[in-house]
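Down below is the structure, laid out as structure tokens.
FYI, it's all coordinate maths here, none of it is from the lab. Here the structure is a predicted model, which is why all the values come from computation and not from measurement. All Cβ positions, glycine included, derive from the backbone under ideal geometry; neighbour counts span all protein chains shown.
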Amino acid sequence: MPLTYLDQNALIKMGFRAQRTEVREKLDPAIKSGALTIVVSPWHLIETANTSNLENALKLAAFIDSLNPAWLLDRHDIRKLEVAEDLFRFAKMGCSSVPRVTSRSAVFAALNGQHDAAKFDIPAVKFVQQWMEHPEQLEVLEKTYKDNEAALLGLRKLMKAGKLTDAIMMATNRKLLEVSMPEATPAGLAFGRELSTEYLDQANIGSIPMLSLEHAISLNEWNVQGQAGADRNTLIDKFHLISALHYVDEIVSDDGFFHEMYPVVQKTGHVRANLLRKEEFLKRF
């Protein structure tokens, strides 16, 4: 059952095309038979709600619901799972792997730091309508974009000045690992300081897919001069697409940044997804 992740523009284009009866007659059987599984993430809903046109936003959200998609966990939740599993392997603790592509309710439960439950199985239409009626709920995300933009531009200045040393990067990676570590073992026992230190001393981000992919892209971005690639759309595309690289079979996007980064991330050995242009995918329907 191939998993196909559409970026926001590809999703919108597919939504327009699916208004034609003959397209829907091909699309629906493919989804029902399992020949096609569309994968989306919370970022699709966030971007859908980022408009003043409520009618169009709700139409797109309804289209998302009609695809009966699988859902990809947010990148922060994926990173925590990957670090936890790497730690458990190091400590020789048995643990079951948590699916990264899962149900809608599981994704929104994870975003809220809770276990999966029926109360989180809320249609996309309701999420989008709520966020559009209460835009203050998304203000923290807008701050995230600003913080990421400022951090990226600051790191570029350090790189240009020769101040972004290997020691600084190692310390940064160690801190990222530390804040991503679980608080307890699978049995619910708290980790001791000794085990945590031993793990951090030997941990290799190259063996952790999300960290490895993010690091590869960051190294490339830090060497770029000026404002290029630091805009809101590029940052969101990065949030959207990095998470999917290791966990789906296809990513559909025409984004120039992502096509530029694709050969870079392939070198990590953690890329499962083939990268397709929108028209290459949509001509199937």
Between His76 and Thr21, the FRET efficiency computed from the C-beta separation at R0 = 45 Å comes out, to the nearest 0.05, as 0.65
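Do any of Lys26/Lys278; Lys126/Lys283; Lys32/Lys80 go past 26 Å between their Cα atoms, and which? Before the final figure, lay out each step's value.
Values: Lys26/Lys278 17 Å; Lys126/Lys283 31 Å; Lys32/Lys80 32 Å.
Exceeds cut-off: Lys126/Lys283; Lys32/Lys80.
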Dividing the mean separation of Cα pairs under 8 Å (6+ apart) by the residue count of the stretch 1-114 yields a relative contact order in percent of 26
For the stretch 1-88, the convex hull over Cα atoms projects on average to an area in nm² of 6.7
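In terms of the Cα gyration tensor, with a ≥ b ≥ c the square roots of its eigenvalues, is the stretch 38-110 rounded because a/c is under 1.5, prolate because a/b exceeds b/c, or oblate? If you can, show how the numbers build up before the last one.
On the way: a/c = 4.82, a/b = 2.71, b/c = 1.77.
Note, shape of the stretch 38-110 comes out prolate.
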Sorted by chain and number, the residues with a modelled amide H under 5 Å from that of Thr37, at a separation of 5 or more or across chains, are Thr4
For the stretch 40-53, Karplus-derived ³J(HN,Hα) couplings (6.51, -1.76, 1.60; θ = phi - 60°; whole Hz; x for glycine and proline) come out as 10, 9, x, 5, 4, 6, 4, 6, 5, 7, 7, 7, 9, 9
In whole Hz, the Karplus estimates of ³J(HN,Hα) for the stretch 194-199 (6.51, -1.76, 1.60; θ = phi - 60°; x where Gly or Pro) are 5, 5, 4, 5, 4, 5
Karplus-derived 3J(HN,Hα) from phi for the stretch 103-117 (6.51 cos²θ - 1.76 cosθ + 1.60, θ = phi - 60°), whole Hz, x at Gly and Pro, runs 8, 4, 5, 5, 5, 6, 5, 4, 4, 9, x, 10, 7, 4, 7
